[in-house]
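Notes to accompany the following structure.
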Amino acid sequence: MFWADKIASEQPEPVVVNDSKTPSGRVHVGSLRGVVIHDVIHRALQVAGKSAVFRYGVDDFDALDTVPHYLSGDRFSPYLGAPLCNVPSPADSASDYAKYFMEEFLEVFTYLGIIPEVYYLRDFYRQGKFNPYIDLFLRHAADVRAAYWTVSKAKRPENWFPFQPICENCGKIATTVVTDYRDGQVFYTCVPNGANYVAGCGHQGWISPFDGNGKLPWKVEWVAKWDLVGVTIELAGKDHSQKGGSRDVANDICRRVLKKEPPFHAPYEFILVNGTKMSSSKGVGSSAKEIAALLPPELLRFLMLRTPPRTVINFSPNYETLTRLCRDYDTLIDKVPSGSDDPDELAPLTYAQLSLGQAIAPYRTQELGTLISLLQIPHLDLDTELRRRLPQDLTDGEWQVLQRRVQMARAWLNDYADESEKLVIHWESLPEKAAQLTDAQIAYLSNLVDVLGAITPWEAEVLQNEIFATSKTSGLSPKEAFAALYLVFLNQERGPKAGGLLSYLDRTFVLHRLKESVNHRLSLGVSE
């Protein structure tokens, strides 16, 4: 059984699926994994006919702990340690810092067909919804301290209370420490060394902890949120799910103080971009918005779902990764009419569709690599060329798929392709690296002139087969044969699928260039 269907089958009704995010900066693509995982669990519950909702929390009462590199330090550094919802917006499009970055992230939700019930913790605090939990945890501070120590060996002083007021003097929430609670008020100090990234102002005083005057520490806040929102399922990333980690601490607090079992939990792994774990506040990696601008929504969902949650996804937006992603998706699409021997094989494809129950129909399209190459041929009308290459009876749906792939190819070329990955055909003369051709490669190209001169039709697959077959009859390895072609057309040893490359070019030009590479060895400084 597919992992999401298995989880759904085991859950009693009603079910509340929850996920959340601290909008500390531009949200990286890694955060989308949790969003998609929880969305698919919600969809699997619906498929199973169970009553379920999906809620998404914005932890915007957390402190600003870093100024991202793409924002002005002069403007935002004075707000370090303050609640994100109290920090000004980087632009006039939003009311504050948290809303600015969260609204950008929620645009990606819509793009992916994900529509949860969104709530902001600022509202829970300011509207008094958290007041009963704040009072409860302050009265049971000893139990909270015991949970920290028992589960994670984190020692809290005997006069430590689980609450962080907003300092009335400097506005910071990260540096305040509460040491007493009586008569509905807490006594706090804005400790100079209260955080490792910003200093507290030293102010002390009594204040009501209610109605938005501060927040619960996030592990305690997590428990309060579960109970208030009614959460029954919430997965967490590997970093929070380790033994003795944040989730274990929250679970213990839930049992000790609320006397309730915590929601269902399972860990999921990170998404690495080029092998690096991403941080939204540090600006490391690709943002969710940027990757959404590159990948069609069904492919972005498929990227998240074809790998089980407990396996790392290492995503690099390079030529090889993207062309393989499209091929894998299209291969499964082709299996839909006849089904699959493996009942779980098509599940990632099914849940990759934007709408639950959306029909999946096979379609005809062009490989992404072909589109990338066609976009780089000078003076080529892409639409005319695609109509020449593809059947005349393509449906509107198939053209829509094709146009999304064209947009993906164009975005990759514009924003991600290295110069070495781009197709730069040397039209005027043999490129200088053709001088590297060996005698065996020259003999191969000579044989290829005769073969390609008679080939019909001039199409990618036919050309690819003949290029490969001629390498065998010439006694040359395919690697050396393809390198010879790339050298004389692209001035490099690697390139796109060779048959596709030649199919984009006029036959007369191809044959002339091959003959030129053979006949002009002396002019290139290479002996016959």
(Q) Limiting things to C-alpha atoms, what are the Rg and the maximum Cα-Cα separation (Dmax) for the stretch 66-146, in angstroms? (A) 16.8, 46
Q. What is the calculated FRET efficiency for L228 to T384, with r their C-beta to C-beta distance and R₀ = 51 Å, to the nearest 0.05?
A. 0.30
Q) Given 20 °C and 1.002 mPa s, how large is the Stokes-Einstein diffusion coefficient of the stretch 389-528 in µm²/s, with Rh as the Kirkwood radius over Cα pairs? A) 131
Q) What is the spread of the Cα atoms of the stretch 1-126 along each of their three principal axes, largest first, in whole Å? A) 53, 29, 22
(Q) What distance in nm lies between label points placed 7 Å from Cα along the C-beta direction at K50 and S446? (A) 7.2
**Q.** Dimensionless Rg over Rh [the stretch 342-395; C-alpha; Kirkwood]
**A.** 1.13
Q: Compute the Cα gyration tensor for the stretch 141-247, then decide on rounded, prolate or oblate, letting a ≥ b ≥ c be the square roots of its eigenvalues: rounded whenever a/c is under 1.5, prolate when a/b is larger than b/c in the other cases, and oblate in all that remain.
A: prolate
Q) Relative to the longest principal Cα axis of the chain, at what angle does helix 31-47 sit, 0 to 90 degrees, rounded to 10? A) 90
**Q.** Net lengthening on full extension, Y70/K153 (0.36 nm per residue, minus Cα-Cα)
**A.** 26.2 nm
Q | Theoretical ellipticity at 222 nm over the chain - DSSP helices of four or more residues, -39500 (n - 2.57) apiece, nearest 500 | A | -13000 deg cm²/dmol
Q: Relative to the longest principal axis of the C-alpha atoms of the chain, give the angle of the C-alpha long axis of helix 507-519, reported between 0 and 90° and rounded to the nearest 10°.
A: 70
Q | Cα centroid separation - the stretch 342-377 against the stretch 45-75, whole Å | A | 29
Q | Rg and Dmax [Cα atoms of the stretch 433-512; Å; Rg one decimal, Dmax integer] | A | 11.3, 31
Q. Can you tell which of F270, S31, P217 lies farthest toward the positive end of the dipole of the chain, using +1 and -1 charges on the Cβ of basic and acidic side chains (Lys, Arg; Asp, Glu)?
A. P217
Q: Can you bin the stretch 416-465 into rounded, prolate or oblate? Criterion: square roots of the alpha carbon gyration tensor eigenvalues sorted a ≥ b ≥ c, rounded for a/c under 1.5, prolate for a/b above b/c, oblate for the rest.
A: oblate
Q | Carbon + sulfur, % of accessible area of the chain - ligands and nucleic acids excluded, 1.4 Å | A | 48
Q) What span do the alpha-carbon atoms of the chain cover on each of the three principal axes, reported in whole Å from largest to smallest? A) 96, 53, 41
Q.
Not counting ligands, DNA or RNA, and with a 1.4 Å probe, what is H69's accessible surface area in Å² rounded to the nearest 10?
A. 130
(Q) Using 10 Å bins from zero, what percent of all Cα-Cα pairs in the stretch 303-399 falls into each bin? (A) 12, 37, 34, 14, 2
(Q) Leaving out ligands and nucleic acids, and using a 1.4 Å probe, what accessible area per residue does the chain come to in Å²? (A) 44
Q. Once the principal axes of the Cα atoms of the stretch 225-274 are found, what is the range along each, listed largest first in whole angstroms?
A. 43, 22, 14
Q. Quick one: Debye curve from the C-alpha atoms of the stretch 1-59, no solvent, what's log10 I(q)/I(0) at q = 0.22 Å⁻¹?
A. -0.82
Q. With axes computed from alpha carbons, what is the tilt in degrees of helix 439-453 against the longest principal axis of the chain, rounded to the nearest 10 within 0 to 90?
A. 80
Q) Under a point spin-label approximation (7 Å from Cα along Cα-to-Cβ), what is the V336-W399 distance to one decimal in nm? A) 2.0
Q) For the stretch 158-209, rounded, prolate or oblate, judged on the Cα gyration tensor with a ≥ b ≥ c (square roots of eigenvalues), a/c < 1.5 rounded, else prolate if a/b > b/c? A) prolate
(Q) Pairwise over distinct Cα atoms, reciprocal of the mean inverse distance: report the Kirkwood radius of the stretch 377-427 in Å, one decimal place. (A) 12.8
Q) Taking 1 over the mean of 1/r across every pair of different Cα atoms in the stretch 357-462, what Kirkwood radius in Å do you get? A) 17.0
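The values are calculated or read from the model by the stated rules, or taken from the named source; none is laboratory data. None of the values given here were measured: they were computed from a predicted structure. Positions of Cβ are backbone-derived with ideal geometry, glycine not excepted, and every protein chain shown enters the neighbour counts. Just the protein is used for accessible areas: all its heavy atoms, side chains included, with ligands, DNA and RNA removed. Shrake-Rupley method; radii C 1.70, N 1.55, O 1.52, S 1.80 Å.
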